[in-house]
Ligand code: HEC
């Protein structure tokens, strides 16, 4: 079926307003939104596209306009919400809802450089050749922190959920400021690779924080590649300072000691 028809022959599966304590949160299934519900497409220029490593032009839907299709429960404070982007292979990326609406994000659906009957150009991803089809999240501001503003591709759905639900098992009990701040930073920069109480990614190990390892861990968090050559863990020297790294350790100690 030609892509254009595929894009037009869609059904509405937008979850309408839900009761506050429902386990189900609103979701936009991108392949199923009817054309009449889609925002007007715009052309965007991305100065430093991290996937193609060059300047790119896309046809795209403004993210903030798409998000208005989600009916958020009224009692919810947007600062406590996460946006979860799910890819075809069910890989999930997430970011703060307030961050997302503070910048110009776009859900791209066509690469202008692709020929008329194609939507995307291929790129190399690890040892594979792939494309961002069907949807790719891009940001027009080239200076954004890529950890806080992810660029997921092959997207099929966008949903919204309170951080307290999404990270429930990793939430600290303590109201101590450093622990709370540490949890926030950990959820922004680390949880995609490290699990805490079974929540999170599996690229890095479960971290055991103890008093005796504190100094070493602090340095490690800031610059893992200076400890382990070719580690998958990136350096966070640009994103975090020593105070941030200490707050993360305060959170990890609190969680491990429970
Ligand atoms: C891209 C994935 C990734 C991210 C993001 C990441 N890590 Fe790691 N981390 C790893 C991997 C992989 C290791 C194991 C080191 C190795 O063998 O290369 C590791 C190891 C560690 C260790 C040492 C484990 C131990 O017990 O000795 C600590 C501490 C750690 N990470 C903390 C963090 C913190 C804090 C953050 C967020 C600021 C973070 N990591 C972000 C992948 C990641």
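Only the coordinates and a few stated rules stand behind these numbers; no lab work does. Since this is a predicted model, take the numbers as computed values, not measurements. Every residue, glycine as well, gets a Cβ built from its backbone with ideal geometry; the counts of neighbours run over all protein chains shown.
When the Cα centres of the stretch 170-219 and the stretch 117-146 are compared, how far apart do they sit, in Å?
About 30 Å separates the Cα centre of the stretch 170-219 from the one of the stretch 117-146.
Grab the DSSP H runs of the chain that are 4 residues or longer, score each as -39,500 (n - 2.57), total them, divide by all residues and round the 222 nm result to the nearest 500 deg cm²/dmol.
-6500 deg cm²/dmol
Name all residues of the stretch 210-228 having a backbone nitrogen under 13 Å from the label point set 7 Å from the Cα of residue 174 along its Cα→Cβ direction, giving them as ranges.
210-211
So for the pair residue 71, residue 199, with labels modelled 7 Å out along Cα→Cβ, what separation do we get in nm?
2.8 nm
How many angstrom lie between the C-alpha centres of the stretch 238-258 and the stretch 24-89?
Rounded to whole Å, the Cα centres lie 32 Å apart.
Can you give me the pair-distance distribution of the stretch 100-258, C-alpha pairs, 10 Å bins, whole percents?
In whole percents, the pair-distance histogram is 9, 31, 32, 20, 7, 1, 0.
First measure r as the distance between the Cβ atoms of residue 228 and residue 113, then evaluate 1/(1 + (r/R0)^6) with R0 = 41 Å and state the FRET efficiency to the nearest 0.05.
It comes to 0.60.
Relative contact order for the chain using alpha-carbon pairs under 8 Å, separation at least 6, rounded to a whole percent?
Averaging sequence separation for qualifying contacts and normalising by length gives 15 percent for the chain.
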